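Nothing in this text is a laboratory measurement; each read-out follows from the coordinates by a stated rule. For clarity, every value in this text was computed on a predicted model and none was experimentally measured. Please note: Cβ atoms are built from the backbone with ideal geometry, for glycine as well, and neighbour counts cover all protein chains shown.
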Amino acid sequence: MDVLQLDISGRPQSWITPREAAVLYASDSIAWTLGDAFHVLRGGMQRSTGLQSRIEVHPIVAVRGAIPTRAWRQAPTLANPKLFARDRGICAYCGGHFHFDDLTREHIVPVSRGGDDSWMNCITACRACNGQKGNRLPEEAGMTLLYLPYVPSLHEDMILRGRRILSDQMEFLLASVPRHSRLHG
Ligand SMILES: [Zn+2]
């Protein structure tokens, strides 16, 4: 399980391992936490007390320090696993549900015809539909999009990037995900 790292204002920054979180705890870099501790890391014996050092890791940690103003204004980077997760593994043309290995990044306006490689021009398609559409626009191919592309918000991007997300983390992130998002199901 990973730890959700926030800046001090509560904006998500990244997923880190419990071990990386422990370094933040040990250097007193954590301003506040959310959720019940889900992991305990044990260190060496402390000579003065004879007790083993122990760090409790919380699912969400906010780190001290300046807020990076640029990072969260950028659109999340486009990557196939996140694209397929945004579109819930469903082909936009036939509506079939596929394993991620059988999906492709489909450019609605083909790149060869000036379409860009962006969240708004990319959609999830199965190999068969992608092949059938080829180098055409959907209307030229007589194919209709069953759902529309959108740019994920910062909070949604963290969900799309997460591997196994704890319920505390999901609750926190979903609270800030816009209603139009498919993650609300
Ligand atoms: Zn398909």
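Observations on the structure shown:
- Cα-centred dipole magnitude for the chain, charges only on beta-carbon of K, R (+1) and D, E (-1), debye, nearest 20: 220
- The Kirkwood radius of the chain, taken over pairs of alpha-carbon atoms, gives through the Stokes-Einstein law at 10 °C and 1.306 mPa s a diffusion coefficient of 85 µm² s⁻¹.
- Cα gyration tensor category, rounded, prolate or oblate, for segment 80-133 with a/c compared to 1.5: oblate
- Within the chain, the longest run free of exposed loop sites, counting GluC sites (Glu not before Pro) that sit outside DSSP helix and strand states (H, G, I, E, B) and have at most 13 other Cβ atoms within 10 Å, spans 1-138.
- Between residue 79 and residue 145, the distance separating the two model label sites (each 7 Å from Cα on the Cα→Cβ line) works out to 2.4 nm.
- For the pair residue 23 and residue 40, label points projected 7 Å from Cα toward Cβ lie 2.5 nm apart.
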